[in-house]
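Engineer: Supplied in structure tokens, the structure appears directly below.
The values are calculated or read from the model by the stated rules, or taken from the named source; none is laboratory data. Owing to the predicted nature of the structure, the values given are computational and were not obtained by experimental measurement. Virtual Cβ from ideal backbone geometry, glycine too; neighbours counted across all protein chains shown.
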Protein chains: 2
Amino acid sequence: MKISQKGLYALQAMMMLARHHNQGAIRIRDIAYEEELPEKFLELILLELKNARMVESARGAKGGYQLRRPPSEIRLSEIIRLIDGPLAPFGDADQLRSLIDRDAAHRALYQVFLDVRDAAAKILESTTIADIADPAPSPRHKSRKKNEATLLPMVVHGNIQRTDK
Amino acid sequence: MKISQKGLYALQAMMMLARHHNQGAIRIRDIAYEEELPEKFLELILLELKNARMVESARGAKGGYQLRRPPSEIRLSEIIRLIDGPLAPFGDADQLRSLIDRDAAHRALYQVFLDVRDAAAKILESTTIADIADPAPSPRHKSRKKNEATLLPMVVHGNIQRTDK
DNA sequence: GTCAATGTCTATTAACTAAATAGGGTTTAT
DNA sequence: ATAAACCCTATTTAGTTAATAGACATTGAC
């Protein structure tokens with residue numbers, strides 16, 4: 001998994017829209033300005049977010065973008081998967097596919113990769129835009145939201161225990 | 001974090017050398033053949049592994065490569081960090097640096113990235129080449145070897161248990 | 001001491017990807 | 001009608017990755 005610049009921009013844009021949730025359409029220019037993002041590049045990103053139905057747009061004068069769902073229902077994993085593809089820490093799943101057709105050792109290596117992916121996914125799926133955007137922040141109990149979200153999948157990956165560090 | 005093809009090759013090469021640990025020097029050609037890796041490319045990778053003192057080489061006739069440490073003391077994280085750089089899931093740490101100089105929301109996003117990195121690091125640091133290479137495999141109790149390895153340093157790295165899958 | 005085997009090193013290439021920019025087209029509020 | 005905004009496609013630039021090429025250096029065997 002590698003979060004590209006573009007992916008980071010997308011996250012920032014979504015955070016900005018969360019901050020201005022329920023304030024009507026926000027212009028690309030304003031998002032770009034407030035988050036210090038290249039405007040034309042951001043345009044493409046917002047288009048993708050729109051096609052994925054995460055935001056909606058209004059055209060023409062007084063147009064702009066806004067979230068389609070409340071920030072608390074938008075997971076970081078969604079955004080990253082959309083912009084940067086699967087959360088797996090390896091490039092092409094096909095090369096890895098060949099690993100599992102070999103012996104147990106290669107399969108074990110593959111499994112480690114899957115564990116890494118699952119660990120990352122667990123975090124990114126249990127964190128929503130609301131968790132980090134915190135528009136009007138009472139800065140205490142911010143992690144409460146996170147645990148809420150954790151209730152869902154709960155079985156996805158292996159159990160890790162280490163002695164320290 | 002993104003494990004490149006090159007990183008995967010490095011892991012495979014190290015696994016192969018683990019499989020032939022204490023059998024003297026192994027030729028590049030044999031590693032390439034057994035793991036089906038491009039020979040000249042592998043050459044460069046082994047050079048890097050040598051410069052990082054993870055393997056040692058003998059030149060000339062009867063030359064080749066071998067591990068400098070027992071497989072149980074070589075962590076996947078070492079190899080990946082060497083070949084692919086830091087385990088962080090973001091590209092350039094500098095862009096991220098700018099995030100933490102903003103408001104709490106941006107810092108929170110940064111913290112999520114750190115959490116992802118730590119989760120990945122935890123797995124890759126607690127898994128050694130021995131854990132997955134399994135040199136002379138009686139193909140049952142594959143996880144036995146893993147516990148064996150855990151006996152040695154006992155504090156340095158964690159113990160991994162997987163539910164299965 | 002020659003020769004073949006083998007690792008060392010530097011350079012180069014081809015393909016791909018990421019980031020950004022350009023510019024015209026379309027829709028809408030006023 | 002006009003200006004404000006999003007929509008869409010194309011292009012550029014720079015950088016990276018994977019792989020190859022080839023000359024060089026060292027060693028063991030005879």
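Engineer: So, in segment A:58-69, of the ones that are surrounded by fewer than 18 Cβ atoms within 10 Å (Cβ to Cβ) and of a type outside the set (S, T, N, Q), which residue ends up nearest to DNA strand C (Cβ to nearest atom)?
Structural biologist: For segment A:58-69, the residue satisfying everything is A:Gly60.
Engineer: Being of a type outside the set (Lys, Arg) and near DNA strand C (Cβ under 10 Å from one of its atoms) is the requirement here; does B:Gly91 meet it?
Structural biologist: Yes, satisfied.
Engineer: Further question on the same structure: Among the candidates B:Ala88, B:Ala121, which residue alone is within 18 Å of A:Phe90 (Cβ to Cβ), outside any strand (DSSP E or B) and at pLDDT 95 or above?
Structural biologist: Among B:Ala88, B:Ala121, only B:Ala121 is within 18 Å of A:Phe90 (Cβ to Cβ), outside any strand (DSSP E or B) and at pLDDT 95 or above.
Engineer: Any chance you could count how many residues in segment B:15-31 are more than 9 Å from DNA strand C (Cβ to nearest atom) and surrounded by 13 or more Cβ atoms within 10 Å (Cβ to Cβ)?
Structural biologist: Matching residues across segment B:15-31 total 7.
Engineer: Looking only at residues that are more than 10 Å from B:Ala18 (Cβ to Cβ) and either charged (D, E, K, R) or surrounded by 22 or more Cβ atoms within 10 Å (Cβ to Cβ) (or both) in segment B:70-85, which one is nearest to DNA strand D (Cβ to nearest atom)?
Structural biologist: Restricting to residues being more than 10 Å from B:Ala18 (Cβ to Cβ) and either charged (D, E, K, R) or surrounded by 22 or more Cβ atoms within 10 Å (Cβ to Cβ) (or both), the top hit is B:Asp84.
Every residue, every condition in (1) farther than 29 Å from B:Ala10 by Cα; (2) more than 9 Å from chain B (Cβ to nearest Cβ); (3) not polar (S, T, N, Q), yes or no:
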{"position": "A:Ser57", "(1), (2), (3)": "yes, yes, no"}
{"position": "A:Leu67", "(1), (2), (3)": "yes, yes, yes"}
{"position": "A:Gly91", "(1), (2), (3)": "no, no, yes"}
{"position": "A:Ala108", "(1), (2), (3)": "no, no, yes"}
